[in-house]
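The values are calculated or read from the model by the stated rules, or taken from the named source; none is laboratory data. All values reported here derive from a predicted model rather than from experimental measurement. Using ideal geometry, Cβ is built from the backbone for each residue, glycine included, and neighbour counts are taken over all protein chains shown.
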Amino acid sequence: MTGRRRTKPLWEPGLIPAPGALLDWRDGQHFDRWQDRLCALCDQTTPMRSHYGESVHKACAEGWIAAHPTEARLGRFASDLQPKRRRDDDHA
């Protein structure tokens, strides 16, 4: 992402996964049901979007994090914020 101006995320990102870990993109805002665009990393079409609106496959973003662990800490791709668990939410 060298040379690009970082814009404000469209919605709040969570933690950046460790290299080799999976992104948690459960929020429906990651999926654009109206328009596929070229993935920023592999140039194949995808309906997926990052928190910054960048079109990217989730698997491509995970691969990029693994290949660029230092740059990944800047937050290009991150998991969704996870809701805090309530104490009385234990069903065991």
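Could you look through the range 69-92, keep only residues that are closer than 22 Å to Gly28 by Cβ and of a type in the set (S, T, N, Q), and pick out the one that is modelled with the lowest pLDDT?
Here the residue is Gln82.
I'd like the full set of residues that are surrounded by 15 or more Cβ atoms within 10 Å (Cβ to Cβ), in a helix (DSSP H, G or I) and either at pLDDT below 95 or not β-branched (Val, Ile, Thr) (or both), limited to the range 16-68.
His30, Lys58, Ala59, Cys60, Ala61, Glu62, Gly63, Trp64, listed by residue number.
Where residues in the range 26-37 are out of contact with any strand residue (DSSP E or B) (no Cβ under 6 Å at 6 or more places or on another chain) and not charged (D, E, K, R), which of them is nearest to Ala61 (Cα to Cα)?
Here the residue is Phe31.
Is there any pair linking a residue in the range 40-51 that is of a type in the set (Lys, Arg) to one that is buried (at least 18 other Cβ atoms within 10 Å of the Cβ) and at pLDDT 95 or above, with Cβ under 8 Å and at least six apart or on different chains, and which?
So the pair list comes out as Arg49/Ser55; Arg49/Val56.
Could you list all residues from the range 69-80 that are touching a strand residue (DSSP E or B) at 6+ places or on another chain (Cβ under 8 Å), assigned to a loop (DSSP other than H, G, I, E, B) and not hydroxyl-bearing (Ser, Thr, Tyr)?
Gly75, Ala78
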